[in-house]
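Q: Quick one: this structure, given as structure tokens, is what I'll be asking you about.
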Amino acid sequence: MTPRFFNTLGRRVEALAPAQAGKVGLYTCGPTVYNHAHIGNLRTFLFEDILRRSLEYLGYEVHQVMNLTDVDDKTIQGAHAAGLGLDEYTEPFIASFFEDLATLRVQPAQEYPRATHHVAEMIELTEELVARGHAYEKEGSVFFRIASDEDYGKLSGVDVDQVVQGDRVASDEYGKDDVRDFVLWKAAKPGEPTWDSPWGPGRPGWHIECSAMSMKYLGNSFDIHCGGVDNIFPHHDNEIAQSESATGEPFAKVWLHSEHLIVEGQKMSKSLGNFYTLKDLLALGKDPRAMRYLLLSVNYRQKLNFTFEAIEASGAALRRLDEHRFRLQHAVESGEAKPRVAELCEGLTSDFGAALADDLNLSAALAVLFGFIKETNIVIESGGLGAGDRERILTALARVDQVLAVLDPSQWTQASAEGPSDEEIQGWVDERDAARRRRDFARSDELRDRLAELSIVLEDTPDGTRWKRG
Ligand code: AMP
Ligand code: ZN
């Protein structure tokens, strides 16, 4: 079945038509490794996992590339503040990211290129842009000339005259010919990691990283490019501008963007301080399997409102699935196979596939699954399993679990029941004190709530906050 997706480029639903029949090249913008990923970031990575697994379910061979942004303003600032080299600083966050992916049973991409290992390719692409008149050098930095690109902004539909490059514009970009231009190469600043280039020592800008790495691994034109909706402008518009101006060929054909995970109406983000990492939630005893279920159960183009009740509801949905499996395992088979069971199994695998092919309609796919659970329960309860029916049902469930990866409880180890250590609790208490001192009440309240959930009693004293387990 040919899947149809909402392509941000052109804003319409289109049938997928890969360049090579049966094969899909997929580029997914990866994490900036200056901190632990929060579960908002993980929602986007999980959406990409579901996309990849759905394409495989529908018979495609997928080549997925996810970059690691290990050099940019944030990683450099973080390393500087910690007094560490860039690699030394990013290494634990890279490890933490892979741990989170494994916890959530995200299938690994075939490639995880790091920006710092591909600076030569970024320089080459920048040189090409200069040679073709799309970029210019100023005092050791190189900028992309937006006015040289006729269809600049075609992804977001931004008004080019009003363009202000988003929050990743350094305040040091003086001397540009046009304020709208964005940086491809940044001249060296004291204390920063640098690489040699035709324009002197410096480092790449963020956007050129993804253009260079995607085209290196997937070719100048490839099938699908993904990210969160905040990547659409300027990051992805800039990637298109750089890549198409340098090669003269169309860049990615289909662009898919997942909506944000929100908390009380606001995007979960590091800067708002309203975030949880996966490890925070595991420390609270939350089940990673329920987390995966929650993150995949809301369609990717809808905002996902994160609440603790929603994790509980996901746990309850999983219990229904587990009870079904238990009943199935204990059901007695007698007589010949039941045609009804074969019919239900066929219906499950084909209707589930149809829902995925409909722009990854996971809520419809889960409705198909729960319909199947209900109908097979009726067959089991009426004593109706025949020879081989149990295996037939388990095989159909295993097939849809190639996408969901939550159905089989034996595949999951439970989250630690022990809860957080004294050191972890002390860390949160200290962090709450620090947040209150800088009047960041959103963060301090959030930490207070987290501690309250763990029955930690806080006592404010003139010497700081004391705590004990309640
Ligand atoms: P970053 O590590 O900041 O480069 O972000 C990694 C990915 O997470 C990007 O694709 C973002 O679009 C995505 N992202 C950031 N915040 C959220 C959020 N609250 N919900 C969903 N995705 C997010
Ligand atoms: Zn990117």
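Q: Return a single number: how many Lys pairs in region 267-411, at a sequence separation of 8 or more or on separate chains, have alpha-carbon atoms below 22 angstrom apart.
A: Count of close lysine pairs: 8.
Q: Sticking with this one: Using r as the Cβ-Cβ distance of residue 375 and residue 189, and R0 as 51 Å, what FRET efficiency do you calculate, to the nearest 0.05?
A: 0.20
Q: For region 302-452, just say rounded, prolate or oblate: build the C-alpha gyration tensor, square-root its eigenvalues into a ≥ b ≥ c, call rounded for a/c under 1.5, and beyond that prolate if a/b exceeds b/c, oblate if not.
A: Judged from the Cα gyration tensor, region 302-452 comes out prolate (a/c at least 1.5, a/b above b/c).
Q: May I ask you to compute the full-extension gain from residue 82 to residue 11, defined as 0.36 nm times their residue separation minus their alpha-carbon distance, rounded to one decimal in nm?
A: Net length gain for the segment: 21.2 nm.
Q: Right, here's the next one. Given labels modelled 7 Å from the Cα in the Cβ direction, how far is it in nm from residue 21 to residue 161?
A: Each label point is offset 7 Å from its Cα along the Cβ direction, giving 4.9 nm.
Q: Using the Cα gyration tensor of the chain, with a ≥ b ≥ c the square roots of its eigenvalues, what is the shape: rounded (a/c below 1.5), prolate (a/b larger than b/c) or oblate (neither)?
A: Since a/c reaches 1.5 but b/c is at least a/b, the shape of the chain is classed as oblate.
Q: Okay, next question. Expressed in nm to one decimal, what extension gain is obtained for the pair residue 221 and residue 411 from 0.36 nm per residue of sequence separation less their Cα-Cα distance?
A: Once the chain is fully extended between residue 221 and residue 411, it gains 64.6 nm.
Q: How far apart, in nm, are two points set 7 Å out from the Cα along the Cα-to-Cβ line at residue 124 and at residue 342?
A: It is 5.6 nm.
Q: So what is the accessible area of the chain per residue, in Å², with the probe set to 1.4 Å?
A: I get 44 Å² per residue for the chain.
Q: While we're looking at this one, here's another question. Could you tell me the relative contact order of region 4-258? Use alpha-carbon pairs under 8 Å, at least six residues apart, and round to a whole percent.
A: So the answer I get is 24 percent.
Q: Residue 446 accessible area, nearest 10 Å², 1.4 Å probe?
A: Only protein atoms counted, so the area is about 20 Å².
Q: Using Cα pairs closer than 8 Å and at least 6 residues apart in sequence, work out the relative contact order for the chain, in percent.
A: 17
Q: In region 305-335, which GluC sites (Glu not before Pro) are in a loop and have at most 15 other Cβ atoms within 10 Å, using DSSP for the loop call?
A: The qualifying sites are 333.
Q: Student exercise: in region 72-218, how many lysine pairs 8 or more apart or on different chains have Cα atoms under 15 Å apart?
A: Taking region 72-218 as the scope, the lysine pair count is 6.
Q: I want to check the label-to-label distance for residue 117 and residue 367. Put each point 7 Å from Cα in the C-beta direction and report it in nm to one decimal.
A: Each label point lies 7 Å from its Cα, and together they span 4.4 nm.
Q: Next up: At 222 nm, what value in deg cm²/dmol follows for the chain if DSSP H runs of at least 4 each add -39500 (n - 2.57) and the sum is divided by all its residues, to the nearest 500?
A: -14500 deg cm²/dmol
Q: To continue, here is another question. Can you tell me the FRET efficiency between residue 452 and residue 110 if r is taken as the Cβ-Cβ distance and R0 is 35 Å, rounded to the nearest 0.05?
A: Efficiency computed from Cβ-Cβ geometry: 0.20.
The values are calculated or read from the model by the stated rules, or taken from the named source; none is laboratory data. Since the structure is predicted, the reported quantities are computational estimates derived from the model, not experimental observations. All Cβ positions, glycine included, derive from the backbone under ideal geometry; neighbour counts span all protein chains shown. Protein only, heavy atoms only, side chains kept; ligands, DNA and RNA dropped before computing areas. Shrake-Rupley method; radii C 1.70, N 1.55, O 1.52, S 1.80 Å.
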